[in-house]
Amino acid sequence: MARDGGRAQPAGTEGSGIAVAYPVVTPLDAPGGRRRLPVRGENERKVPNVSRAPENPAARGSASPRCSCGAIHRVPIEAIVIEEGAFDKLGAFVRARRWSNPLVVMDANTAEAAGSRVVRELASGGTRAATLCFPVRHGLLADEASVGRLDDVLGQTAADSLIAVGSGVITDITRYVAHRSGREFVSVPTAASMDGYASGVAAMEFHGMKATFPAVCPVAIFADPETVAAAPPDMTRSGVGDLLGKATARVDWLLAHALWGEGYCAEVEARVVGAVVETASRVDEILDRSPQAVPLLLSGLVESGVAMAMVGNSRPASGCEHHASHFWDLLAAQGHRPHGPHGLQVGYATRFAMRLQRFALDGSVAKLTTPRPVPDGAGAGAPGSWFAGHGAEVRAVMDAKRRFASDHESAWPRTAAAWRAARAQAGAAMDLFGLVTAALDAARIPAEPGFLGLDRATLETTFRVANRIRARYTVLDFLEGQNRLGEAVEAALA
Ligand SMILES: [Zn+2]
Ligand SMILES: [Zn+2]
């Protein structure tokens with residue numbers, strides 16, 4: 001396997017392989033989990049902090065040493081516990097925090113999966129929790145109605161804190177309301193389905209429009225391995241796809257760094273790499289709902305979220321594969337196709353993103369030319385109607401890309417040797433592609449057109465225009481700037 005791909009070593013690190021070089025957040029005490037990392041002073045603490053304390057003191061809000069990238073990374077999450085007995089520790093955490101009246105937020109499914117147990121565990125430690133259980137099994141939205149309901153219950157119960165028991169939607173509703181009401185919240189993930197548990201923003205759907213809103217990170221995350229392993233298989237499969245997409249996000253980040261000098265952190269990148277490597281080779285076990293392997297996937301997803309929190313944006317975990325997925329969401333919102341699960345979309349897009357990155361960095365672009373000016377609108381090959389109603393956003397994205405190019409102009413490689421060096425630096429990050437390809441095969445996320453209602457023509461359009469969706473520089477911008485995008489997309493779909 002590509003586990004021993006020494007080329008993945010980010011600058012400034014040593015060691016014989018990426019699999020062992022970087023601790024990631026793990027189910028430390030879970031059977032089959034990693035060795036337990038020592039935590040400073042843990043014997044004196046009622047609540048063991050089993051998070052990343054040894055390698056990221058900043059995460060504990062203590063003195064924050066400067067990272068090798070020059071930044072001080074602050075992650076306000078105090079504990080990440082993914083292990084047997086996690087709910088026990090949640091109870092201890094709540095008492096240590098002196099929360100006397102937490103409100104547990106769940107839905108009909110997550111109440112059965114974990115919520116009722118959380119409430120009992122709190123009660124056995126003397127904490128009487130209030131509850132809000134949305135009485136639905138499907139289709140709960142992070143919308144005005146859900147927020148209003150939570151606001152009401154918060155008012156009635158005068159709860160001093162929130163505990164979100166669930167996956168994406170429940171967590172988003174809770175963190176949004178926690179932020180607005182100035183309360184802290186704890187996340188209790190019930191599925192390894194997405195990488196947003198550690199996030200400080202909420203994906204809300206107000207007036208039928210999906211958008212990201214300011215929210216807060218959880219102060220802690222507590223997950224029970226058996227609960228997470230028992231989640232619906234498609235949720236876990238989606239989490240696999242989302243995590244595997246980090247492989248191409250990483251190449252996009254390094255490409256922007258190598259070509260334009262965009263800020264980059266090897267330590268943050270290493271966390272994400274560790275997460276991908278840790279789980280990619282165990283996809284079969286993960287999809288078999290192994291209580292040893294599924295928590296590793298959850299750990300990897302949480303770790304990706306921590307990486308994003310460390311740099312303050314989603315750069316370490318989201319590149320052109322996510323932009324393709326966002327474009328497909330847009331098509332679904334316009335009725336062109338059914339909505340698909342985020343992680344499956346990301347995993348599918350990763351297949352094509354890897355081919356585009358190989359095209360860009362494996363020799364097809366032998367000679368670098370001065371990038372063509374960033375175009376204004378949707379561009380050639382885009383049926384304008386697909387961006388209908390979003391013209392202003394697309395123009396703003398392209399304006400941002402133009403500013404990025406002019407701000408970083410001096411870094412652009414101007415000699416053949418400089419291009420070779422940049423290509424080698426970004427290209428080295430493709431060493432995970434073999435592992436990721438095998439993992440996508442194992443997850444039955446195909447490499448051919450037709451998956452998730454996306455035919456060849458739609459895929460072609462997607463990769464020609466998805467760089468209009470977000471301001472972030474990716475391989476799509478690189479290829480378009482070199483006037484090679486059409487050719488590369490043809491090759492990727494051949
Ligand atoms: Zn750093
Ligand atoms: Zn994602």
Scan 212, 190, 157 and give me the residue that is more than 16 Å from ligand 1 (Cβ to nearest atom) and under 16 Å from residue 302 (Cβ atoms). 190
Consider residue 305 carefully, then state whether it is at pLDDT 95 or above and either buried (at least 24 other Cβ atoms within 10 Å of the Cβ) or not in a helix (DSSP H, G or I) (or both). no
Hey, residue 215 more than 16 Å from ligand 2 (Cβ to nearest atom), within 30 Å of residue 333 (Cα to Cα) and in contact with a strand residue (DSSP E or B) (Cβ under 8 Å, 6 or more places away or on another chain) or not: yes
Of the residues in the range 302-322 that are hydrophobic (A, V, I, L, M, F, W, C) and within 16 Å of ligand 1 (Cβ to nearest atom), the one that is nearest to the chain's Cα centre (by Cα) is 317
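Could you check the range 278-292 and list, in sequence order, the residues that are in contact (Cβ under 8 Å) with a residue 12 or more places away in the chain and surrounded by fewer than 22 Cβ atoms within 10 Å (Cβ to Cβ)? Break it down into steps so the answer makes sense when it comes.
We begin by selecting, within the range 278-292, every residue in contact (Cβ under 8 Å) with a residue 12 or more places away in the chain; these are 278-284, 286-287, 289-292.
Passing the criteria: 281, 282, 284, 287, 289, 290, 291, 292.
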Residue 268 versus (1) within 16 Å of ligand 2 (Cβ to nearest atom); (2) touching a helix residue (DSSP H, G or I) at 6+ places or on another chain (Cβ under 7 Å); (3) under 24 Å from residue 282 (Cβ atoms): which is the lone unmet condition? (1)
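I need the full set of residues from the range 271-301 which are within 16 Å of ligand 1 (Cβ to nearest atom) and either within 27 Å of residue 216 (Cβ to Cβ) or touching a Cys at 6+ places or on another chain (Cβ under 8 Å) (or both), in order please.
271, 272, 274
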What about residue 364, is it surrounded by fewer than 18 Cβ atoms within 10 Å (Cβ to Cβ), assigned to a helix (DSSP H, G or I) and either among the small types (Gly, Ala, Ser) or away from ligand 1 (no atom under 16 Å from the Cβ) (or both)? no
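Could you say which residue among 297, 244 is hydrophobic (A, V, I, L, M, F, W, C), within 13 Å of ligand 2 (Cβ to nearest atom), closer than 14 Å to residue 192 by Cβ and not assigned by TED's automatic domain parsing to the domain that holds residue 346?
Values: 297 fails: within 13 Å of ligand 2 (Cβ to nearest atom).
The conditions single out 244.
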With the structure loaded, tell me whether residue 268 is within 16 Å of ligand 1 (Cβ to nearest atom) and within 19 Å of residue 315 (Cβ to Cβ) or whether it fails that test. yes
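The values are calculated or read from the model by the stated rules, or taken from the named source; none is laboratory data. Remember, it's a predicted structure, so these values are computed and weren't measured experimentally. Neighbour counts run over all protein chains shown; Cβ positions are idealised from the backbone, glycine included.
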